[in-house]
1. Please list 124-137, 386-399, 435-448, 157-170 highest first by mean number of surrounding beta-carbon atoms within 10 Å per residue.
2. Given K195/K275; K204/K264; K435/K565; K69/K178; K449/K499; K194/K264, which pairs have Cα atoms separated by over 23 Å?
3. Write out the trypsin sites (Lys or Arg not before Pro) in segment 560-632 meeting two conditions: DSSP loop, and at most 14 other Cβ atoms within 10 Å of their Cβ.
4. Among the trypsin sites (Lys or Arg not before Pro) in segment 481-530, which ones are in a DSSP loop with at most 14 other Cβ atoms within 10 Å of the Cβ? Mind listing them?
5. At 1.4 Å probe radius, can you tell me the per residue accessible area of segment 126-272 in Å²?
Amino acid sequence: MRISPLYPAAALLAALTVFAGNLRAKEIRENPVQKKLERYLPYSIDEIEASAASINFNPRLVAEELGQKLDQFYLSDPSEKKIANRQDNDSNAAWYRKEWNVNLQRLFMRDLLARTQKSFIIKEAPNLAVLHYNFALAQMKLKKPYHAAFHFAQSLRYRSLRLDDEIYVDRDRLQLTKAGAAEIADADAYREAKKQLDEKTREKRRLEEELVLLDDRSRSPELNAPSTTGNSVEAQRQKQQQLIADQREKSRQALQRVRDEFEKAKQAFDNAKIKYTEHEKTYNRKSSDMLIEMAALVRQIEDTIKERSKVLNKKALYKTNFNQTLQHDYSQNRQFTAFANVLEAATRLDPENPAINFQLAEEYRTSQDVSRSIDSYERALTANEKPRPGFELKDEQIRKAHASLGALYYAKSRYVDAAFFYEKAHAETPNSPEKQNLSWQLGKLHVEKTGNYERAAALFEEYLRSIATLNPSDVSDRTQWIKERFTANKYLMHIYGKKSDKTQVMRTMQGAAAAHQDLETLITELRQRNNKTYNDMQVAKKALFDDVRSRELNNYLKLESDFEKQKRELAIIEAGRNSLPLAQFYSQYAGFLESENDIQGALAVYGTAEKHGLGADHARREQGRLRAQYLQ
């Protein structure tokens with residue numbers, strides 16, 4: 001094999017290049033004189049976004065490319081501090097993972113959102129914000145939440161969350177804006193219009209003050225006092241008055257001209273301000289979208305911290321000294337409010353996005369913060385009247401917001417507001433179990449709190465009709481179904497009693513009694529099945545002593561499993577029966593039968609006192625009273 005004579009020369013040149021590059025990099029970092037010369041050339045926003053366009057397709061490649069660009073920026077600065085502050089490599093992962101765990105809320109909220117930047121730290125700030133933001137998205141795709149969290153924080157460090165007029169007209173930002181963007185011309189027009197308006201405002205103020213001084217001089221006592229010395233003094237005084245009058249006229253004309261120019265400048269500034277408002281809204285929406293992305297990451301980190309805290313509290317095996325320290329640090333963040341705080345900041349930046357307010361309201365409702373949940377739900381509904389296109393609330397979200405507001409206002413004892421939102425949710429909800437539940441809650445609210453018996457009666461009648469054909473087979477569901485039939489009829493009995501409608505009272509009492517009888521029948525049947533299963537189990541158990549066979553053993557185990565299941569079901573049904581106010585209901589039932597002169601019916605109710613939850617002594621006394629009063 002013959003080696004080309006150019007190969008050794010090429011190898012030598014490559015080695016010298018690498019060596020020179022190393023020396024050059026060292027010189028850049030150690031020689032502050034080279035700082036300006038070696039400063040990297042700012043990338044355009046187009047170039048950065050083009051590099052980040054394939055994050056969903058190939059996040060690893062995007063992360064490498066954006067990381068190289070960030071390295072070029074940070075390594076071009078000889079400041080060791082700036083390089084040390086970049087904690088995003090794997091060697092420091094354990095260190096800043098602990099920092100994020102312990103200081104999650106402080107880093108995201110107190111230092112970041114509470115004190116946002118009002119101007120750019122450095123000229124390249126817009127570029128760095130976009131670089132860090134897209135790098136964070138790539139790290140999220142690569143399942144590196146702590147790396148992503150760091151770069152999200154850095155992105156917001158270099159970007160003001162809210163656009164103000166100072167940042168809007170900043171020339172460094174405009175130089176990095178996409179070439180030919182309308183924002184550049186609008187910002188220049190805004191700057192010039194504001195400059196002209198300030199100049200005309202100062203000039204107008206100067207002329208107004210000058211006119212005031214001239215008016216004061218023209219009314220001074222020296223010029224208006226009668227002459228006592230001679231004609232020459234009088235002539236001099238009149239000359240001065242004429243000069244002041246001429247000056248006043250000139251100033252008045254100048255003021256009129258300046259006022260016209262001021263009005264034109266003000267109109268131009270108002271037009272420029274309209275454009276500024278549009279760009280401000282776009283900028284703030286972008287900040288809001290960034291915070292929403294960050295909020296998902298915060299929730300992931302919070303959940304990780306919670307799980308880690310559970311592990312530390314669960315077993316003594318994990319309670320090393322280091323973990324004990326972490327456990328103490330976790331306890332400092334036990335409120336876990338960073339997610340809600342980030343969403344709160346996003347809602348302030350984009351109030352026309354009802355979806356963020358709805359998500360925030362759900363978070364507050366989950367954390368049982370009733371007042372803030374109410375406020376967020378109402379802001380979501382208000383924003384949904386004129387929503388940001390593409391972010392409208394879905395119909396089921398609107399229904400959920402109304403139903404949740406009804407429940408939250410009920411918890412705050414604001415029953416009229418609760419009824420209002422429950423009614424809206426009830427009207428919007430199609431026929432479904434959800435609507436049945438709303439009918440129940442709304443009818444109960446009207447009976448117990450608002451006193452709207454007409455509406456409550458209609459709701460409970462509708463509710464009974466909707467559940468009449470359910471007949472669930474599951475024991476728990478069937479028990480709940482029977483209990484709700486009983487309770488609904490009892491509420492209707494109370495309502496019709498207020499209206500003195502005896503026919504309806506009798507009907508609802510019979511309906512409640514039938515529901516109770518269904519429950520007793522269910523208990524009786526289940527007890528019979530339970531006894532039969534127990535007897536079969538004893539027979540199978542006896543057969544096992546004679547000859548242990550696989551078939552006999554399986555039969556016994558199956559019977560034992562059925563017996564335990566029936567015991568649990570019986571406990572559920574009896575607990576449901578015991579939760580019903582049977583004694584109160586049957587006392588009212590017997591009293592109503594007595595008022596209708598159905599003495600035998602009242603005696604029958606008291607005759608089965610134990611089944612109806614009445615005390616035996618009380619039942620005997622009432623039976624004796626009825627016989628003595630009506631049957632003797």
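The values are calculated or read from the model by the stated rules, or taken from the named source; none is laboratory data. Please read all numbers here as calculations on a predicted model, not as lab measurements. Virtual Cβ from ideal backbone geometry, glycine too; neighbours counted across all protein chains shown. The accessibility values were calculated without ligands, DNA or RNA, using every heavy atom of the protein model including side chains. Shrake-Rupley method; radii C 1.70, N 1.55, O 1.52, S 1.80 Å.
1. 124-137, 435-448, 157-170, 386-399
2. Pairs exceeding the cut-off: K435/K565.
3. Taking segment 560-632 and a limit of 14 other Cβ atoms within 10 Å, the loop trypsin sites (Lys or Arg not before Pro) found are K611.
4. Listed in order of number, the matching sites are K499.
5. Numbers: 8290 Å² over 147 residues.
Result: 56 Å² per residue.
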